[in-house]
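Here the structure is laid out as structure tokens; the discussion comes afterwards.
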Amino acid sequence: MAVSREKQSLDLVLVHEGGYSNHPQNPGGATMKGVTQRVYDGYRQRKQLAKRPVRGIRKEELLEIYDRQYWDPIKGDQLPDGVDYVVFDGAVNSGVSQSGKWLQRALGPLYKGVVDGNIGEGTLGAVAQVTNMDALIDRICDQRLKFLRSLKTRKTFGAGWSRRVAEVRAAGKAWASGERVTVAAVRFVDDGSSAKASVQDAETAPSTAVSDAAAGGGVASGVAGGTIQTLQDQLTPLSSASQWITYAVVALAVVSAVLVIGGGLYSIYARRKAARIADALSTAP
């Protein structure tokens, strides 16, 4: 891009971020204008300054944090108009690496590298080959929404995040089309849209250990049933009192079938859900 859109992009981001918040379910904890206490502590430590509440962050500190920790890492000045803002907003809300992954995945076959979130020459080269920026922005935002829906806190903040992404999408596409965009294009609503959407808060993939154990138990029951059946065959000529063995064989056969079928069905469910989560988090191979 010929002219940096950093200030304009930051103006829109700050509208969405609002002021100070400390929602108990926000993974970011205490946050002021999108900067969490943890990020501010790290910034102050690097400056060899004493820690202090993020609520008191100064404007020059805020601008430097956004520039050094978000805009520069996403290579904002090297991204096309609109794409720069969309990736920037995602980085502020969910981290630079996660937003970088959404961009890399949205590039599809144009991007030949590893989806690692590191926006380098390979990513920028692929972006340079894109002919439809609106479509690219749509794909980035779609990846972002998929990620947001995989988080445990989606019930609390999901509606706000979805509204934010919709506004980011619209503003980004307007910029990509050469339209003028002002802060009126987005709005702050206290609906949780400023809450950090962290990968650490993602759903965990279900374990297949239960289904594997169930299937194993089913096989074991079948083996036991076969053993009892053999015993019955040996005892039948000697006694008519072996009917209880028949009942035991039938019961074990039923248990075995339930365990094997149930374990198999759960295994399918668990593997499909694990694949869905991996895809949403951009960790799938």
key: Zone of Phe188's modelled label, taken as backbone nitrogen in the stretch 69-85 under 11 Å from a point 7 Å along Cα→Cβ   = none
task = Distance between Cα centroids, the stretch 99-160 to the stretch 61-77: provide it in whole Å.
result = 19
inquiry  = Under a crude label model (7 Å from the Cα following the beta-carbon direction), how far is Lys59 from Lys152 in nanometres?
reply    = 4.0
query = Residues with beta-carbon under 9 Å from that of Lys173, excluding Lys173: net charge, scoring Lys, Arg +1 and Asp, Glu -1?
reply = -2
task = Roll a 1.4 Å probe over the protein chains and send me the accessible area per residue for the stretch 66-142 in Å².
result = 37
ask   = Hey, rough spin-label estimate for Gln78 and Arg38, points 7 angstrom out along Cα→Cβ, what's it come to in nanometres?
value = 2.8
note = On the accessible surface of the stretch 1-79, probed at 1.4 Å with all protein chains in place, carbon and sulfur together account for a percent value of 49
request  = Using label points projected 7 Å from each Cα along Cα→Cβ, tell me how many nm separate Thr204 and Leu49, to one decimal.
outcome  = 3.9
Per-residue SASA entry for Ser162, accessible area with 1.4 Å probe, Å² rounded to 10 = 50
remark   = Karplus ³J(HN,Hα) for the stretch 108-117 (6.51 cos²θ - 1.76 cosθ + 1.60, θ = phi - 60°; Hz, whole; x = Gly/Pro) runs x, x, 5, 9, 9, x, 7, 7, 10, x
query = How much of Lys7 can a 1.4 Å solvent probe reach, expressed as accessible area in Å² and rounded to 10?
reply = 140
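The values are calculated or read from the model by the stated rules, or taken from the named source; none is laboratory data. Values in this document were obtained by computation on a predicted structure and should not be read as measured data. Methodologically, a virtual Cβ is constructed for each residue, glycine included, from the backbone with ideal geometry; neighbour enumeration extends over all protein chains shown. Heavy atoms of the whole protein, side chains included, go into the accessibility calculation; ligands, DNA and RNA do not. Shrake-Rupley method; radii C 1.70, N 1.55, O 1.52, S 1.80 Å.
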